[in-house]
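Presented below is the structure to which this report refers.
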Amino acid sequence: MINRTARATAPITVVWDWNGTLRNDLADHVAALNATLPALGRTEPVTVETYQALHRMPIRDFYTDVLGRALDDEEWHAADTAFLTELARRPVRLQDGARQLMMRLRARGVRQSLLSLAPHQRLLAEVSQVGISGLLERVDGRPGPSVPSKAPAMAAHLRALGPWVDPARTLVIGDSVDDAVAAKAVGAVPVLHTGGLHGAARLAAAGVPLVDTLQDAVAAGITIISERRLAAA
């Protein structure tokens, strides 16, 4: 834990989500899902709107909603493997202006890290491909099987970042309700954007600031953190 004086001067930290947030891959996720569905008995493709309306954690439950039935363990393992294989065939692209935004934040002294529930080694490779590894203090993906919530990983991620991190001065930017839940669980400030894997109507139900771009997410989050600091002074 850091003391009160250290908290007052702690730098702002931005914890980015990856899929649907920094990585521009909504269309890729929809296509990869549709490539897995015929083997599971569904021939009708899922639209972007349906994907955004149904996508949730854990992903296995998402498949249940899409198919209208639960998958057994063998089916789920095969579907998850097929999905990740299909996704890996597609080029890694950042959201428009994401790299420039991250560079501006670094120049302002804002620390940045990345937390995702994508497989860890795959995540490291993808982040390296788009050349932003040097802008991030830490990159954490999931080390094992799919998990139902990001909240435990968020707590571990902040601990690993070090004692200088103040959750109250930490901005979590994501594209899913689970990102907001994880941020709230550690006392961080969540801001969600509408350009990712969850639709705007679902995100609005999270009860946190909702914006259309990453640039707006950063501006909204830093404003909230600054106003809280002034109120506490």
Could you put Met154, Met57 in order, starting from the residue whose Cβ has the fewest other Cβ atoms within 10 Å? Met57, Met154
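Excluding Ala219 itself, what net charge comes from residues whose Cβ is under 13 Å from its Cβ, given Lys and Arg +1 and Asp and Glu -1?
-1
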Fewest first, what order do Thr47, Thr64 take by the number of other Cβ atoms within 10 Å? Thr47, Thr64
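Is segment 26-88 rounded, prolate or oblate when judged by the Cα gyration tensor, a ≥ b ≥ c being the square roots of its eigenvalues, rounded requiring a/c under 1.5 and prolate requiring a/b larger than b/c? Spell out each step's value before the answer.
Working: a/c = 1.38, a/b = 1.15, b/c = 1.21.
Rounded.
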Rounded tilt (10° steps) of 98-107 against the dominant C-alpha axis of the chain: 20
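When a footprinting reagent is the concern and you count Cβ atoms within 10 Å, what order do Trp164, Trp76, Trp16 take, fewest first?
On the way: Trp164 14, Trp76 19, Trp16 27.
Exposure proxy ranking, most exposed first: Trp164, Trp76, Trp16.
Each value in this text was obtained by applying a stated rule to the coordinates, not by laboratory testing. In this text the structure is predicted, and so the values were computed from the model without any measurement. Using ideal geometry, Cβ is built from the backbone for each residue, glycine included, and neighbour counts are taken over all protein chains shown.
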